[in-house]
Amino acid sequence: MALEDVCSFKERPVQHKWFSFSSLGDAAIPFPKSDYYNLRLETSENNCGVPLHFFIPPLPHSSSFINRPLSSFCPPKNSMTVQRPFRLAHGTTTLGFIFQGGVIAAADTRASAGGLVACPAVHKITPIHSHLVVTSSGSGADCMLWERILIREIRLYQLRHGHRLSIRATAKLLSSMLHPFKGTEMCVALTLCGWDNGPKLIYVCSDGARLQGDVFSVGSGSPYAYGVLDRELRWSLSKGEAISLAREAVFRATHRDAYSGNNVDLFHITAQGWSQRKREDLKEEYYRDKEKKGKKKNDKLK
Amino acid sequence: FIHILCVGFLAVSSEDPFLTSSSLPTCLPFASSQSVPLPFPMAHGTTTLAFMFQGGVMAAADTRSSCSGLVACPASQKILPIHSHLVGLTSGTSADCALWKRILARELRLYQLRHGRRLSTSGAAKLLSHMLHPFKGTELCVAATLCGWDGGETGPGSRGETTKNQMTELFYVCSDGTRLRGMLFSVGSGSPYAYSILDQGVHWGLSVDEAKSIAREAVYRATYRDAYSGNCVDMYHITSKGWTRRNREDLKEEYYREKERRKHEKTERRDVTFSD
């Protein structure tokens, strides 16, 4: 495969540089975490310096893990990796859809850690380049890292080849970069929303899914958003209607889902690039909605 | 070690007037290892909803009974009338729900015969909740939404103000002990999809036709996205005159109508040329 060649994505024995110390049967010895998580990227020798190598930790089902000499370090099941404090449940609401005026991407801004609202003002939609925006769901840390990696790879491609990588190819690249981590605890669910010869919407997940579609909503609040979107989404929506529909869908999801809330971010991508709407606090919308329903009740009673 | 299988009648306290003559299941499952193991995890595969508005209570549900991946019955009835002014929506295990609905109907009828007036919806909800309480922690799975109209038949002990006594009531009772009163409930795997539609459109001042259309739309959207909900939609409307049932409607028609509409959109979309 050409892409595999360009990225030098061959099976290489993993560098066990950080397993230099000998006696590691004892779990009490502190693990040098700085080395373990240091993703030092080497340029490959044969190809034109495509830095897409990671020191991939030896996964239990990969061949390098099986073939390693038995005398070297063998990580006991769960002691060396950081224990997960709570179960990941994609606590978010993000959505994206295509209509005649381009692509709309919307998301809430709440980052939750179990029952705690860790941050009420997170950016879940990140621009990759002028015509591509990515909405993230899953583990916040993983998503931030992979967005940066994607930005870098796309920029490098553009500098080397003089034209931007298409969105479908971007999705494929991202999917192959995420593949080695399949089966680990990494959790990334990104929706690429962009424009290249037409609006494109592609969902890429760390499980390996890569789907192109017209409407996607990801996260714990997604069923609520789907109900609203399915009802009113049409190709022929005007820009104002599309924005208001996206906003309404996120608002309904934040109303019912505990892990979504605070504000709504909205991006609109057209042939001219992306434009961001001012972040809006949904608390105001909640009070307006409540008042509207109260007013309707009073009108009917009269 | 020896497995002790306890067989005996349910201990009934003497001060409880409702259960003196009950014949509740005689053997309570004390340890789950002795009962039949569940074949698949229960997930309330259904969509039922009910909301209150100025014209009474509107209740709607789909009609699909699923058994893990199999559609066991495409035409089951999830809305069960209990008496002329009370209707129960069921979710969870259909066998358990059918049984408990019959038990509740019998208890309410007995109450009516003994006391000369119907038990209020809140009383019925409390009764059901207390009857389900001994089974808390077992594999019984019943999530019922009781929709009723109280008042109208005033007994000797009631107050003179009839307007205060006549009201619609909506209660959600669950076998894990929850008993909630509210204006809008949706239960089941399809409930998130229905909730967003209902939150958008339900308010007190709806007309009956608007309420019917929003209930139908909410169930349709849930059946559209949820795999465990589908087939037809049942609708009941409860008012002071009792419940009325709308004809069961197959949502397949609605699905194909929408598909036609989208197909038209697709053709006009292909015609549009993207400039730039």
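The numbers here are math on the coordinates, done by the rules we state, and not lab data. This structure is a prediction, so every number in the text was calculated from the model and none was measured. With ideal geometry, Cβ positions are generated from the backbone for all residues, glycine too; neighbour counts draw on all protein chains shown.
Once label points are set 7 Å from the Cα along Cα→Cβ at both A:Asp196 and A:Trp235, what is their separation, rounded to one decimal in nm?
Label at A:Asp196, label at A:Trp235, 2.3 nm between them.
Using the Karplus curve 6.51 cos²θ - 1.76 cosθ + 1.60 with θ = phi - 60°, what ³J(HN,Hα) values do you get for each residue of the stretch B:233-249, in whole Hz, with x for Gly and Pro?
Result, rounded to whole Hz: 10, 9, 9, 10, 10, 10, 10, 5, 8, x, 9, 10, 10, 8, 4, 4, 10.
Please list, in order along the stretch B:80-93, the HN-Hα scalar couplings obtained from phi with the Karplus expression 6.51 cos²θ - 1.76 cosθ + 1.60 (θ = phi - 60°), rounded to whole Hz, x for Gly and Pro.
10, x, 9, 8, 4, 10, 9, 10, x, 9, 10, 8, x, 7
Calculate, for B:Arg102 and B:Arg257, the FRET efficiency according to 1/(1 + (r/R0)^6) with r their C-beta to C-beta distance and R0 41 Å; round to the nearest 0.05. List each step's numbers first, then the result.
On the way: r = 38 Å, r/R0 = 0.93.
Rounded to the nearest 0.05, the efficiency is 0.60.
In peptide A:228-236, what is the residue-averaged number of other protein chain Cβ atoms found within 10 Å of each Cβ? Display every interim value, and only then the final one.
Values: counts 6, 3, 9, 11, 1, 2, 3, 7, 5.
Averaged over the peptide's residues, the number is 5.
How many Cβ atoms of partner chains, on average, are near each residue of B:182-195 if near means within 10 Å of its Cβ? Present the calculation step by step, with values, prior to reporting the outcome.
Numbers: counts 0, 0, 0, 0, 1, 0, 0, 1, 2, 4, 12, 9, 3, 8.
The shielding value for this peptide is 3.
Quick check on my link table: of B:Lys101/B:Lys126; A:Lys124/A:Lys283; B:Lys212/B:Lys252; A:Lys124/A:Lys292; A:Lys293/B:Lys263, which ones sit more than 24 Å apart, alpha carbon to alpha carbon? Don't skip to the end; give the middle numbers.
Numbers: B:Lys101/B:Lys126 14 Å; A:Lys124/A:Lys283 19 Å; B:Lys212/B:Lys252 18 Å; A:Lys124/A:Lys292 30 Å; A:Lys293/B:Lys263 35 Å.
Distance filter (> 24 Å) returns A:Lys124/A:Lys292; A:Lys293/B:Lys263.
What are the residues whose amide H is under 5 Å from the amide H of B:Trp243, where those residues sit 5 or more places off or on another chain and H is modelled from the backbone?
none
Set the Förster distance to 22 Å, then compute FRET efficiency between A:Ala169 and A:Thr270 from the Cβ-Cβ distance, nearest 0.05. Could you put the intermediate results ahead of the total?
On the way: r = 21 Å, r/R0 = 0.94.
Efficiency for this residue pair is about 0.60.
If we count every other residue with Cβ under 11 angstrom of A:Ala121's Cβ, Lys/Arg +1 and Asp/Glu -1, where does the sum land?
Every neighbour counted, the sum reads 0.
Per-residue Cβ counts within 10 Å, from other chains only, averaged over B:197-204: what number is that? Walk me through the numbers on the way to the answer.
Values: counts 6, 3, 11, 10, 2, 1, 9, 7.
Rounded to a whole number, the mean comes out at 6.
If you keep only loop residues by DSSP, which trypsin sites (Lys or Arg not before Pro) in the stretch A:206-260 have at most 15 other Cβ atoms within 10 Å of their Cβ? Don't skip to the answer; put the middle values down first.
On the way: sites: A:Arg210, A:Arg231, A:Arg234, A:Lys239, A:Arg247, A:Arg252, A:Arg256; in loops: A:Arg234.
For trypsin sites (Lys or Arg not before Pro) across the stretch A:206-260 that sit outside H, G, I, E and B with at most 15 neighbouring Cβ atoms in 10 Å, the list reads A:Arg234.
Can you tell me the relative contact order of the stretch B:48-261? Whole percent, Cα pairs under 8 Å, sequence separation 6 or more. Mind dumping the intermediate values first?
On the way: 441 pairs, mean separation 63.3, N = 214.
Dividing the mean separation by the residue count of the stretch B:48-261 yields 30 percent.
Work out the length of the dipole vector of the stretch B:48-261 about its Cα centre, built from +1 on the beta-carbon of each Lys and Arg and -1 on the beta-carbon of each Asp and Glu, and round it to the nearest 20 debye. Could you put the intermediate results ahead of the total?
Details: 27 positive and 21 negative charges, 127 e Å.
Value, rounded to 20: 620 debye.
Calculated FRET efficiency, A:Tyr286 and B:Asn247, Cβ-Cβ r, R0 45 Å, to nearest 0.05?
Values: r = 37 Å, r/R0 = 0.83.
Computed FRET efficiency for A:Tyr286 and B:Asn247: 0.75.
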